[in-house]
Amino acid sequence: MSLDERSLARRSLSGQATYYGGNVAGGTCSFSTYTLPSGLYGTALSDSNWDDSGNCGGCAAVTYGGKTITAMIVDQCPGCGTNHLDLFPDAFSALAAESVGVIDVTWDYVPCPVPGNLEIHMKSGVSEYWFSAQVVNAHRRTAKLEVSTDEGSTWIATTRQSYNFFEISSGVGASTAWIRATSHVGTTVVVKDVSMTSDAMATATANYT
């Protein structure tokens, strides 16, 4: 059994799915700079499963009536039941008629079928005195983010926020830094020489395996 197969065996979930207007840029995962790639749907996830935004950017394979679609978690569904997915309209329509309204689904966390490498997005207002960054376009959910100002000799931990940014309130005291992202299965990607400036974007040379 591969790592992903073992994960699926552990995490097969059942819940209800509904649909809403859909919101990537303004969703609770704060993916303001990200556009979903072709063929990948979007969904909000119940606040019961939110895990302090730990599931943001993860993907779910959602099955109903013999059909399966893959959707990225980009938003929160406050007050929804455990394992509830509030799908984008096109995602719901790919499984059932919108007139049905609510369906009982099974779903599993799966690697995201995104093209290219993961990216680091620095939040608006970032400087050497305040650090805040998120990971976008990742194959897997991001569990941890660390920063180094000495080219990887030592690493500084960040604190994850519920709106899906990792922060160091005092900053890193440097104009650039290396950033190490760790996935929920422990694989890592290091992005070198990221600018500590507002809204900076940096593309890694790899994605999570």
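The values are calculated or read from the model by the stated rules, or taken from the named source; none is laboratory data. Note that the coordinates shown come from a computational prediction; the quantities given were computed from them, not determined experimentally. Cβ sites come from the backbone with ideal geometry, for glycine too, and all protein chains shown count toward neighbours. The accessibility values were calculated without ligands, DNA or RNA, using every heavy atom of the protein model including side chains. Shrake-Rupley method; radii C 1.70, N 1.55, O 1.52, S 1.80 Å.
Observations
- Label-reachable residues, the range 136-162, where backbone N falls under 11 Å from a point 7 Å from T188's Cα toward its Cβ: 145-148, 152-156
- Candidate values (i) 62, 38, 32; (ii) 69, 44, 35; (iii) 54, 38, 29, label of the one derived for Cα extents along the principal axes in Å: (iii)
- Taking the Cα centre of the range 1-128 as reference, the dipole from Cβ charges on Lys and Arg (+1) and Asp and Glu (-1) amounts to some 200 debye.
- Rolling a 1.4 angstrom probe over the protein heavy atoms with all chains in place gives the chain an accessible area of 43 Å² per residue.
- Residues of the range 100-126 with an amide N closer than 14 Å to a point placed 7 Å from the Cα of Q161 along the Cα-to-Cβ direction: 121-126.
- Of all accessible heavy-atom area on the chain, the percent that carbon and sulfur account for (1.4 Å): 48 percent
- Cβ-Cβ FRET estimate between S169 and T68, R0 fixed at 25 Å, reported to 0.05: 0.05
- Label point 7 Å beyond Cα of S195 along Cβ direction - residues of the range 101-127 with amide nitrogen under 17 Å: 119-127
- The charge dipole of the range 112-186, taken about the Cα centre with unit charges on the Cβ atoms of Lys, Arg (+1) and Asp, Glu (-1), comes to about 360 debye, rounded to the nearest 20.
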